[in-house]
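Below is one structure, written out as structure tokens, with a few remarks after it.
The values are calculated or read from the model by the stated rules, or taken from the named source; none is laboratory data. Keep in mind the model is a prediction, meaning the values are calculated, not measured. Glycine also receives a Cβ, built like all others from the backbone with ideal geometry; neighbour counts cover every protein chain displayed.
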Amino acid sequence: MIRKIDVSFEQIIGLDNIKNKLEETIIMPNLRPDIYTGIRAPPKGILFYGPPGNGKTLLAKAIANQIKCCFFNISASTLVQKHLGEGEKLMKALFETAFQIQPSIIFIDEIDSILSKRSENEHEASRRLKTEFLISFDGMQTSDQDRVFLIAATNRPQDLDEAVLRRFTVKILIDQPEFNARIAMIKSYMTNVQNILTDQQFQSISEMLQGYSASDIRAVVKEACMQPLREDQSLIFSIHKQDIRAVNKEDFDQAMQKVKPTLSQKQYEEYVKHFK
């Protein structure tokens, strides 16, 4: 459980439409619960889905920071236990604790790993864990007065159980960064690094980075910024910082030869078409 979070929407580059939607869907209703009642009441559950490395966890933390609530950051793997019955006990305890210290947000990452589609060969422990989740989630819906919310994240929405999907009335695709967001990311990551890139070159690099996730882009920028330091490492201990060669377009060309996007175009298209 995290009581104090230092992530804000202002620190998250891009995703402006999504941030606006979250402001309306969950943040404003929590800041003015006297207004957002009845049909205006916020949803109890939100599902973030989409390619990995694009800020699903950061968004969840920023929401918790905005509404000043306790934040439970749970990896689904921690709920999978070796001994029968332990998983659902942990699940039940998680929701009970969140209710006791509300307002609170439960964030479950990689939720597909515990709430996948049912099959004939499904293990008993998995079935019982799903049942406990559905019971606990349904219990959240009984009162508009309680301020407990569930945000779940998945890179594989197509694997989620239909009963689980139905309960998430708000599903949001956290997509790859758009053109302008990619430029903003590159410039942000290079704040303290000398470079001689022109506006046209920033635009060219952004075009070349289409299909890269936010974390992929950071890896490319880091690789490009390391290029001048690798040219003569024997000088590292004697050279003045201001004398280090400025990063140029060729450094990015080389970096993109080494750092490839996490997802292929085909894999990305699977995410885009899901839920549309």
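Does at least one position in the range 28-39 carry a residue that is at pLDDT 95 or above and touching a Lys or Arg at 6+ places or on another chain (Cβ under 8 Å)? Among the residues of the range 28-39, not one is at pLDDT 95 or above and touching a Lys or Arg at 6+ places or on another chain (Cβ under 8 Å), which makes the answer no.
Every residue, every condition in (1) surrounded by 16 or more Cβ atoms within 10 Å (Cβ to Cβ); (2) out of contact with any helix residue (DSSP H, G or I) (no Cβ under 8 Å at 6 or more places or on another chain); (3) closer than 30 Å to E207 by Cβ, yes or no:
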| residue | (1), (2), (3) |
| --- | --- |
| I108 | yes, no, no |
| L115 | yes, no, no |
| D159 | no, no, no |
| E178 | no, yes, yes |
| Y189 | yes, no, yes |
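Of the numbered conditions (1) out of contact with any helix residue (DSSP H, G or I) (no Cβ under 7 Å at 6 or more places or on another chain); (2) of a type in the set (S, T, Y); (3) touching a residue at least 12 places away in the same chain (Cβ under 8 Å), S206 satisfies every one except a single condition; which is it? Only one criterion in (1) out of contact with any helix residue (DSSP H, G or I) (no Cβ under 7 Å at 6 or more places or on another chain); (2) of a type in the set (S, T, Y); (3) touching a residue at least 12 places away in the same chain (Cβ under 8 Å) is unmet by S206, namely (1).
Pairing residues of the range 236-257 that are closer than 19 Å to I217 by Cα with residues that are among the acidic types (D, E), at Cβ distances under 8 Å and at least 6 apart in sequence or on separate chains, gives Q254/E223; A255/E223. Residues in the range 132-160 that are β-branched (V, I, T) and closer than 19 Å to F72 by Cβ: I135, V148, I151, T154.
Looking at the range 1-75, the helices (runs of 4 or more DSSP H) lying wholly inside it that each contain 1 or more residues that are buried (at least 18 other Cβ atoms within 10 Å of the Cβ) and either among the aromatic types (F, W, Y) or under 13 Å from the mean Cα position of the chain (by Cα) (or both) sit at 16-22, 56-67. Are any residues in the range 158-201 free of Cβ contacts under 8 Å to residues at least 40 places away in the same chain and in a loop (DSSP other than H, G, I, E, B), and if so, which ones? Passing the criteria: T191, N192, T198. Scanning the range 226-248 for residues that are modelled with pLDDT of 85 or more, farther than 22 Å from K187 by Cβ and assigned to a helix (DSSP H, G or I) yields R230, D243.
May I ask you to verify whether F99 is over 25 Å from Q11 (Cα atoms), modelled with pLDDT of 90 or more and surrounded by fewer than 20 Cβ atoms within 10 Å (Cβ to Cβ)? The answer is yes for F99. Would you confirm, using the coordinates I've provided, whether K273 is of a type in the set (K, R), exposed (fewer than 15 other Cβ atoms within 10 Å of the Cβ) and within 16 Å of P52 (Cβ to Cβ)? It is false that K273 is of a type in the set (K, R), exposed (fewer than 15 other Cβ atoms within 10 Å of the Cβ) and within 16 Å of P52 (Cβ to Cβ). No other residue among D216, D251 is modelled with pLDDT of 95 or more, in contact with a Cys (Cβ under 9 Å, 6 or more places away or on another chain) and assigned to a helix (DSSP H, G or I) apart from D251.
Taken over the range 34-85, the criterion of being of a type in the set (D, E, K, R) and within 19 Å of V164 (Cα to Cα) is satisfied by K44, K56.
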